[in-house]
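The values are calculated or read from the model by the stated rules, or taken from the named source; none is laboratory data. This one's a predicted model, so the numbers in the text were calculated from it and none came from an experiment. Note: ideal-geometry Cβ built from the backbone for every residue, glycine included; neighbour counts use all protein chains shown. Calculation scope for accessible area: heavy atoms of the full protein, side chains included, ligands and nucleic acids excluded. Shrake-Rupley method; radii C 1.70, N 1.55, O 1.52, S 1.80 Å.
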Amino acid sequence: MQLTNFTDYGLRALILLGALPDGELTSIHHVSETFAVSKNHMVKIINKLGQLGYVKTVRGKNGGICLAKPADQIVIGQVVRDLEPLQVVNCAPEFCHITPACRLKNYLAKAKEAFLAQLDECTIADMLTENNELLILLMRPQD
């Protein structure tokens, strides 16, 4: 399976926010610079993550963004479910005439569930725990 760029950058943003010290905020600009993605695209991603309850935004002079809940409570499989359409193939009868007799869709559904089950075993905190190399890469000044 391949995740959309939206989900990919959403996960990266959550990992970066999870790496922040408790109580520290950062900016969407910093996140977009860290991952070399347009600020407009990152605004959409952060907005969606905020609507889903993963990111908290603080307005004002000392505002910014941070995780809305602890990193160990953000399950990656659920984030993917929340952000991805997750339709592996289009099995609508008007799109594929073999749908009534096709067995492939069942195998693809099982593969998708196995993929998500694996992602359900890890959290944002798992990406960061005892991963100093990642922390260094996330916190280095951007070029």
(message) So in the stretch 84-106, with the set limited to residues that are part of a loop (DSSP other than H, G, I, E, B) and closer than 21 Å to Leu3 by Cβ, which one is most open to solvent (accessible area, probe 1.4 Å)?
(response) Gln87
(request) Would you check which residues across the stretch 27-42 are more than 22 Å from Cys122 (Cβ to Cβ) and either in a loop (DSSP other than H, G, I, E, B) or open to solvent by less than 60 Å² (accessible area, probe 1.4 Å) (or both) and list them? (result) Ser27, Ile28, His30, Ser32, Ala36, Val37, Ser38, His41, Met42
(request) Restricting attention to the stretch 107-129, report how many residues are modelled with pLDDT under 95, outside any helix (DSSP H, G or I) and surrounded by 16 or more Cβ atoms within 10 Å (Cβ to Cβ). (result) 0
(message) touching a helix residue (DSSP H, G or I) at 6+ places or on another chain (Cβ under 9 Å) and under 27 Å from Glu121 (Cβ atoms): is that true of Asp22 in this structure?
(response) no
(request) For Lys69, indicate whether it is assigned to a loop (DSSP other than H, G, I, E, B) and modelled with pLDDT of 95 or more. (result) yes
(request) Filter the stretch 55-83 down to residues that are of a type in the set (S, T, N, Q) and exposed (fewer than 15 other Cβ atoms within 10 Å of the Cβ) and give me whichever is farthest from the chain's Cα centre (by Cα). (result) Asn62
(request) Filter the stretch 56-97 down to residues that are polar (S, T, N, Q) and touching a residue at least 24 places away in the same chain (Cβ under 8 Å) and give me whichever is farthest from Glu24 (Cα to Cα). (result) Gln78
(request) Working only within the stretch 16-26, note down all residues that are within 16 Å of Asn62 (Cβ to Cβ) and open to solvent by less than 50 Å² (accessible area, probe 1.4 Å). (result) Leu20, Thr26
(request) Collect the residues in the stretch 52-66 that are in a loop (DSSP other than H, G, I, E, B) and farther than 23 Å from Glu84 by Cβ, keeping them in residue-number order. (result) Arg59, Gly60, Lys61, Asn62, Gly63
